[in-house]
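> Okay, here's the structure, questions in a sec.
The values are calculated or read from the model by the stated rules, or taken from the named source; none is laboratory data. Values in this document were obtained by computation on a predicted structure and should not be read as measured data. Using ideal geometry, Cβ is built from the backbone for each residue, glycine included, and neighbour counts are taken over all protein chains shown.
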Amino acid sequence: MSHKKTNFMNKNIQKLARELRKNQTEAEKMLWAKLRNKQLDGYKFLRQHIIKYHTHNKRAFFFIADFYCAQKKLIIELDGSMHSLQQEYDKNRDLILKEKNFTILRFKNEELKDIESVLSKIKEKLSQIPSFYSLKRKTNNS
């Protein structure tokens, strides 16, 4: 695959992520209002973040996470009604991401009606995960 074609694909992926950020669901808007600007215990979250999980013959395979905290490699997914139709896809996606040492938290959109409970579950999960960067440093310095 040529460099130009790879750049084109990357730009399309970036464009898709940008469109998803522009067209958030109500549930995504609600959670983003609580996660943005390091509001949740100082952790930085990104929304509609591209996660490349595999490359084959210069072709990138990726997922777009609803919300992502790089420091903890935590992915938060909000599942609306369409996710009931793609349960097998979500299950396979979660397996691939877990193999890459990501942690995935899933919430149904309805759960965000109790936003404080959702935030509490996210904080609890964050406290259970070692910091990815400190683990990386220890491994590199060992």
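> Would you call Leu119 modelled with pLDDT of 80 or more and within 15 Å of the chain's Cα centre (by Cα)? Give the steps one after another, and end with the answer.
Values: modelled with pLDDT of 80 or more: yes; within 15 Å of the chain's Cα centre (by Cα): no.
Against the criterion (modelled with pLDDT of 80 or more and within 15 Å of the chain's Cα centre (by Cα)), Leu119 does not qualify.
> Could you tell me which of the residues Lys138, Lys91, Lys100 is in contact with a strand residue (DSSP E or B) (Cβ under 6 Å, 6 or more places away or on another chain), at pLDDT below 95 and exposed (fewer than 14 other Cβ atoms within 10 Å of the Cβ)? Lay out the reasoning, then the answer.
Values: Lys138 fails: in contact with a strand residue (DSSP E or B) (Cβ under 6 Å, 6 or more places away or on another chain); Lys91 fails: in contact with a strand residue (DSSP E or B) (Cβ under 6 Å, 6 or more places away or on another chain).
Result of the check over Lys138, Lys91, Lys100: Lys100.
> If a residue has to be under 17 Å from Ile96 (Cα atoms), polar (S, T, N, Q) and within 16 Å of the chain's Cα centre (by Cα) to count, how many in segment 29-72 make the cut?
Adding up the residues that qualify gives 0.
> Residue check, Ser120 against (1) within 17 Å of Phe45 (Cα to Cα); (2) touching a Gly at 6+ places or on another chain (Cβ under 9 Å), all met but one. Which one?
It is condition (2) that Ser120 fails.
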